[in-house]
Every structure is written in structure tokens, then in C-alpha cells.
Amino acid sequence: MIPMQLNIKFLIGDAEKFSKIESVKPLEIFSNEACEFLSAVSKKLLAFRNFPDVMTFGFWIRRASTSQMAAAYKNLNRIGRGIIFHIAPSNVPVNFAYSFAAGLMAGNVNIVRVPSNNFPQVEIICSAIEKTLREFPEMAAYVYMVRYGHEREINDLFSGVCDTRVIWGGDATITEIRKSPLKFRANEITFADRYSIAVIQADEYLNAENKNRIAQDFYNATYLNDQNACNSPKIIIWQGAKTDSAREIFWQNLQEIVDREYNLQAVQAVDKLVKFDLLAIDKKTALKKSANNKIIRAEIFDIDAGLMNYAGNSGFFLEYVAQDLTEILPICGGRCQTLSYFGYEISALKNFVNINRPRGIDRIVPFSRTLDFSLNWDGYDLIYSMSRVIAE
Amino acid sequence: MSYEELLTIEPFALAQDEKNSLLLKNLLSLTEFHRANCVAYEKITDAINFRAESVNGVEDLPFLPVRLFKEAELASVLKSEIFKTMTSSGTSGQRVSKIFLDKETSLNQQKTLIKIVSSLTGSARMPMIIIDSPSVLKNRQMFSARGAGILGFSIFGRKSIYALDDDMNLQFDRIAEFVAENSGRKIFLFGFTFMVWKYFYQVLREKNLKLDLSNAVLIHGGGWKKMVEQSVSPAEFRRALNEVCGLNEIFSYYGMVEQTGCIYPECEHGHLHASVFSDVIIRRAEDFSVCKIGERGVVQVVSMLPKSYPGHSLLTEDEGVLLGVDDCPCGRKGKYFQIIGRLANAELRGCSDTYAAEH
């Protein structure tokens, strides 16, 4: 039962239904009913052409896509762990939906704390889910979308009932939510503060024909999230014979897009100046020329483990020319999430990771896929983490 | 020109052209001084490839973001020469600026303040009411902006009392007595804007207490942000104070702990004025180029004063607009401007929340 005094707003689900949440049967992973349901939600979402992030999510949960994802989990005797409590980040509009969909594919009842910000995307997605639930009434027991303030009692309530807790939102949020105890057998998936890095092979870049496309992919991977997402690269590492000319063209191409599409607020410009000065005090660096404050480049001459403490956002790029990729190993520690690349064979980069086995780098993807969500995230297999295996 | 010599110039008498060459020369030599005496400053200016020979005007000089003084300790004198450290009055949990002062810089701050303020109030010392609590000055090692302001302005007081007790209660009887004792003399009131509003004006008004301060002058500054939050405009502030105690002469000023001494007083036309010792440059956020008259931008402040710390050229986080040069109807020469407020906080996208900050 939900105590009366708790101020929870149910966008989907209600307090009465919630009182019976522990008697709901989990589903097998990638169950037909879950995938059909998501597919029906997808059809409604694909109408929202003005919201590319909603569209992308819609594509991700369409039948063809979930079938493809399911193929990687074939013939596994796995069913959902039970109840998943998702805490979505407050400043990314659609992340909550991915977390929810993964929880449902894994066969679970989902309680999702949606962003506190009133993003229109939250409204669009919740409304599509609600309408779809009318066509699939048997799925209603599996979906709770809630909104509430930072109230410890509510965190306690949901944490005490769930079998897996999924915390997005970084170190500060994890610290806060961890004050609420879990059941003894519950597990937890935490998405801590992390950073990402990018490597570009300069000669391959100079040979590439689609430089505008590359610039646009890089723009999407960085500026679309104010370069503030854990998967947005903070440092660009160049290799090759002609790094100087490649860099000039690369940043010039990016500048054109940034000038057209990115709105830099005054306080962000000041923030970047502070970041640069702090970097300059502690590390040898050189400010590279750029047309304006939208792109700030700081050339670095030595890579050490503390370097990424000086990383910035909103278009603040550390830049390093490497003779050998092993030079970047000091920043491939546990906080390093994604290695995005251009101009390399994926096998070469995989090899680099397999040989050196750094504590970090959980993803190796081309620029164009830097922001793509996948069921393997931050080193977790979300399906495995939210389901249990029945051994024979 | 030495700072001593600068102090002989009338604060608002120089036309901008004359002032610019004076500023350029002094600020450039300060830049070189700090490069030679503050390693962090040297590293920063090296990293942006600073070259003195490519500086053609004051606006070409490098500037540090004022927030850097909250994140790093920057001094251009030996530790042993630091005789006081001033801090900004941040609210609890916020980081505060740390400004290191040696005897010379501290003394010059005081002399500069005297020059500027006495051009407003005359040079005679007056009975003074400090609208604050004496507890602000208890810790003499760490000077807060409030403490520094009070001490700085106390020079203009002949005999002074605090209007508030340690618990911020208005000492009405004491004040009334003080006003009576000094009837016929001009009284000088000083306080931080928000303190004056909350602990002086609001208490007088709520308790319906009457004071006659029609022959007094109030100087107040700092913390307009809180006033904006309470939607009190400068005009409303003047009107309200006049209503409860008959105050007519009210001067506000713009200034900051990072450049103490060089305050920018507001004239009778509501314009802030740069004195000969310092100046403002309004910059576009997009590329930090210089704004035209009338164009809003980020405020940079330069001052010929800071020698013990590299704070002679600072980019603030305030938004302002240059209103004109040399032609304010009040007769003061140089630039006059207006502060619009703090730069708005940006709400960044991205997956890491500032969970705690949301409370």
C-alpha cells in the first residue's frame, strides 16, 4: 500500500493497482506480448517527426528491431526478475523510455521515475503507452510511470519493493538513491559519471569523401547533448601522418554546423574559459584558434590519469596527437565509457582493448553510432541484469 | 605613472581618450608584472599565446574569469607578504573567491575608495550608521565581502554604530538616540542592499517605526540578485526608504570583492560610472568581441589597482550594457553603464544530474 501522505503523481498506473504489484507474474525475456505491445507503441510514436529522439526510440522498439535484438538471446531459459525500479535522469527527455523498454523486454513490471523537467517527449511517449494499454489491457500491470520530488520516503517505498534498481543520472543521484535500502536479493544497475573519448585517423579522414556527414555525426555525438552526456567525446585523439591538415578541415567543417545549429548561452562561454584556465594552470596546454566560443580546443601534450578532470562541455575539446595508441591508456580507466572512432578498422581497436585490457572502454562505435542506445550499456547486459536464469 | 600619482587625478574628470592611454600603459605593465610573479597567471597567458607587442588597446589585454578565484588560489606576492585574505560572501555550500592582499594593494584599495566616495559625499567625516551586525567582523583573518565593505566605508564615519545586533535584530532605540545626538549633522548610512531592505526597511515598516533621516546619505551595494528575486526595483527601493525615514540621498554602486576599492557609483540619473582607476568593457558571449554602445553583453572589469593578485582584468558573470561615453548629463566623464543582472544559468542536457542541487 502507498501511504496517503506520499505525493506521487502516476502518469500511468495508480495507487490501487500498485497495491497488488507483487502478485504480478514476470514474463519470459522478449515475450511475444511485450514485443507486440512495444511494436504498437512504436507505431504511434513514429508519427512525431518533429521529435527526432522520439522517432529514434520508436524505431528502436518496432517489431523488426526487437526481433533482431531477441536473436542474440535465443534459447535461453530466462524470465524477468520481477519488479524493476528505474530512476531516469532529469535532463534527458527520452532516456526513461529506453530503460522502461529494456525492462519490459527482460520480462518485468516497471516502475519508472520520469524526468522532473516537463519535456514534451515525456508527455508524447506516456500518452502513446497509455493509448496502447487500452488495446493491450493485460500489459497494464507491467507499467507504472511516476513523477515525484526528491522524497526519500518514496525512494524507500519503490526501492523496498523492486528486484532490480536501475539508477541513471550519475554519481550524485546514485549517492542519494542508495540511502534507500533494497531487498536482500535485489540487484542494482548504476550509471555513474563517465566520459568518452574519440580517435580519428587523419589520413583516412583526408581521404574521406563525405566530410560533411562526418561533421554532422560528430556534431550529433557532442553538441546535441551539450557534450554533457557520458557517451559524448571530451577528447579527440589524432593519429596519422597529416594530422595538421586533417584537423584544420575537420574543425572548419564542424564550425559551419555549429554556427548554424548550436545556441551557446553566455554562461557556457564563461564556463569554458574557466575550464581552459584551470587546465592551463595544471597541465601544459595551448589554445587552438577557432572562429568563436562555440568550439574551444585545448591541445594537450601529455596524457595522464588526472587529465579528464579538466574536461568540459558545451563544445570544449581536449586534443592530442598520438604516435601510438597506447599513449592514451592512462585515460582509459574505469570512468571511460565509449571509444568512438573514424578511420579505423573496428578489429584494430578491439585488439587494442583486448591486448591492453584497460579498466574502462565499454563500447567501441563509429561517430555515427555514438549516441545509439543498445542493450549492452556501460558494460552491463541489461537483459541479463534484469532477468534470471532457470538452470536445468 | 605610479598609483600614488594616479590618486591625484579627479576620479571622474578624465575623458575616455585620455583615460585609455593611461589604462593601457598601466594595465599592460600589470600584466607583465603578474606574468613574472604569479606562475598560474603566466601559464594561462602562455597557453593563450599572449604577446605584449600585439596589444593595441585595453580591449586586447587578456582577462581571467572572475570565477577562477573560486577554483584556484592566485597570488602575485609571497605568502609571507599576504596580510589579509578577502572572501566573497557566498551562501553556505557555495565556493567563495579568495583574494590575497598585501599591505600595498590593501592601502591602495582604501585610498581609491576614499577618492571615489568623497567625490559623492564630500570629504568631511560623518556620524555613521552601519546597517549590519557587528558579528560580520569577528573573524579578522578571513574578510568577507561584507566585512571588507564595512571596514572600507567606515573611513567616512566619525563615530559609528551598528544598526543590528548579533542576531540581526534592529536596534531601533539605539539608532533613534544616535540620530537625536547628531541632529543638525549629516549622517552617513552604509549597508549591503539586501541587508538594508530586509533588516532595516522592512522592520521599520512592519513595526510602523519612524526615523527622520532626511539629512542623511545612504550608500548601498551588492546583492541585487536577492532584490530581483523579491522583485524590488532600484526605483522602488528609493521610494520605499524615503517613505519610512525620509532618506533623499541614496547612492547605489556596482563593485565586487575581486576588485575592492574600484567601485562604480550610480549617479543621479541612475547610471553607473567608471572612475579613472578602472573601467568596464562589455563583450559578446559568442566570441568575446566588444559590444557597441547599447548592446547587452558580459561585463569585463579592468582596474589599475590589483597588484598582489592577478585581478586587474576580469570577466564577470554579470550582464550589462554600455550606455555612453563622456556624455552623461551628470557631467562625469568616461564610460557609464547599467548592470542588467547575473548571466542566466544554463540547463545543460546530458545524463549526469545535479541531483543534490535540485533540492
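The values are calculated or read from the model by the stated rules, or taken from the named source; none is laboratory data. What you see is a predicted model, and the numbers here were worked out from it, not measured in a lab. Backbone-built Cβ (ideal geometry, glycine too); neighbour counts: all protein chains shown.
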Residue in segment A:246-262 that is within 24 Å of the chain's Cα centre (by Cα), farther than 30 Å from B:V39 by Cβ, modelled with pLDDT of 95 or more and among the β-branched types (V, I, T) present: yes
Suppose we keep only residues that are under 21 Å from the mean Cα position of the chain (by Cα) and crowded, with 19+ Cβ neighbours inside 10 Å within segment B:64-77. Which one would you say is farthest from A:V267 (Cα to Cα)? B:A75
Could you tell me which residue of segment A:216-226 is farthest from A:G334 (Cα to Cα), considering only residues that are polar (S, T, N, Q) and more than 8 Å from every other protein chain (Cβ to nearest Cβ)? A:Q216
If I filter segment A:217-228 for residues that are surrounded by fewer than 22 Cβ atoms within 10 Å (Cβ to Cβ) and farther than 30 Å from B:L315 by Cα, do I get at least one hit? yes
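Each row is one residue, and each column tells you yes or no for (1) modelled with pLDDT under 95; (2) within 26 Å of A:Y341 (Cβ to Cβ); (3) buried (at least 18 other Cβ atoms within 10 Å of the Cβ).
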position	(1), (2), (3)
A:S159	no, no, yes
A:R165	no, no, yes
A:R178	no, no, no
A:F184	no, no, no
A:T190	no, no, yes
A:V199	no, yes, yes
Filter segment B:250-288 down to the residues that are away from every other protein chain (no Cβ under 14 Å), at positive phi and aromatic (F, W, Y) and list them by number. none
Can you name the residue in segment B:257-287 that is out of contact with any strand residue (DSSP E or B) (no Cβ under 8 Å at 6 or more places or on another chain) and modelled with pLDDT of 95 or more and is also surrounded by the most Cβ atoms within 10 Å (Cβ to Cβ) among such residues? B:V276
Filter segment A:51-75 down to residues that are assigned to a loop (DSSP other than H, G, I, E, B) and either surrounded by 16 or more Cβ atoms within 10 Å (Cβ to Cβ) or not assigned by TED's automatic domain parsing to the domain that holds A:I29 (or both), then give me how many there are. 4
Picked from segment A:79-95 (must be within 14 Å of another protein chain (Cβ to nearest Cβ) and not aliphatic (A, V, I, L, M)), the residue nearest to A:D193 (Cα to Cα) is A:P89
Search result, residues across segment A:171-191 that are in contact (Cβ under 8 Å) with a residue 40 or more places away in the chain and more than 9 Å from chain B (Cβ to nearest Cβ): A:N187, A:I189
Taking segment B:296-310 as the region of interest, how many residues are more than 13 Å from every other protein chain (Cβ to nearest Cβ) and not in a strand (DSSP E or B)? 6
So, in segment B:6-61, of the ones that are outside any loop (DSSP other than H, G, I, E, B) and hydroxyl-bearing (S, T, Y), which residue ends up surrounded by the most Cβ atoms within 10 Å (Cβ to Cβ)? B:Y41
Can you find a residue that is within 24 Å of B:G297 (Cα to Cα), without any contact (Cβ under 8 Å) to a residue 24 or more places away in the chain and either more than 8 Å from chain B (Cβ to nearest Cβ) or among the hydroxyl-bearing types (S, T, Y) (or both) anywhere in segment A:285-295? yes
Considering residues that are out of contact with any Lys or Arg (no Cβ under 8 Å at 6 or more places or on another chain) and facing another protein chain (nearest Cβ under 7 Å), the number found within segment A:272-284 is 3
Just to be sure before I move on: is B:F194 free of Cβ contacts under 8 Å to residues at least 40 places away in the same chain and touching a Leu at 6+ places or on another chain (Cβ under 7 Å) in the structure I sent? no
For segment A:245-284, which residues satisfy the criterion of being closer than 27 Å to A:I361 by Cα and either touching a residue at least 24 places away in the same chain (Cβ under 8 Å) or touching a Pro at 6+ places or on another chain (Cβ under 7 Å) (or both)? A:A246, A:R247, A:F250, A:W251, A:L254, A:K272, A:K275, A:F276, A:L278, A:L279, A:D282, A:K283
B:T8: farther than 16 Å from B:Q259 by Cα and within 14 Å of chain A (Cβ to nearest Cβ), yes or no? no
Within segment B:114-169, considering only strands (runs of 3 or more DSSP E) that don't extend past its boundaries, which have at least 2 residues that are within 22 Å of B:L211 (Cβ to Cβ)? B:126-130, B:157-162
Among the residues of segment A:262-271, what is the count of those that are assigned to a helix (DSSP H, G or I) and within 7 Å of chain B (Cβ to nearest Cβ)? 5
Please determine whether any residue of segment A:28-45 is farther than 26 Å from A:A391 by Cβ, out of contact with any helix residue (DSSP H, G or I) (no Cβ under 7 Å at 6 or more places or on another chain) and without any contact (Cβ under 8 Å) to a residue 24 or more places away in the chain. yes
Looking at segment B:321-339 only, could you name the residues that are part of a strand (DSSP E or B) and either within 11 Å of chain A (Cβ to nearest Cβ) or of a type in the set (K, R) (or both)? B:K335
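Here is a yes/no grid of residues against (1) in contact with a Lys or Arg (Cβ under 7 Å, 6 or more places away or on another chain); (2) closer than 14 Å to B:K307 by Cα; (3) at pLDDT 90 or above:
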residue	(1), (2), (3)
B:A75	no, yes, yes
B:S123	no, no, no
B:P127	yes, no, yes
B:I131	no, no, yes
B:S135	no, no, no
B:K138	no, no, no
Looking at segment A:352-360, can you tell me whether even one residue there is under 18 Å from A:I200 (Cβ atoms), in the same structural domain as A:A246 (by TED's automatic domain parsing) and among the small types (G, A, S)? no
How about segment A:296-345: which of its residues are over 22 Å from A:W251 (Cα atoms) and either within 14 Å of chain B (Cβ to nearest Cβ) or of a type in the set (D, E, K, R) (or both)? A:D304, A:N309, A:D324, A:E327, A:R335, A:Q337, A:E345
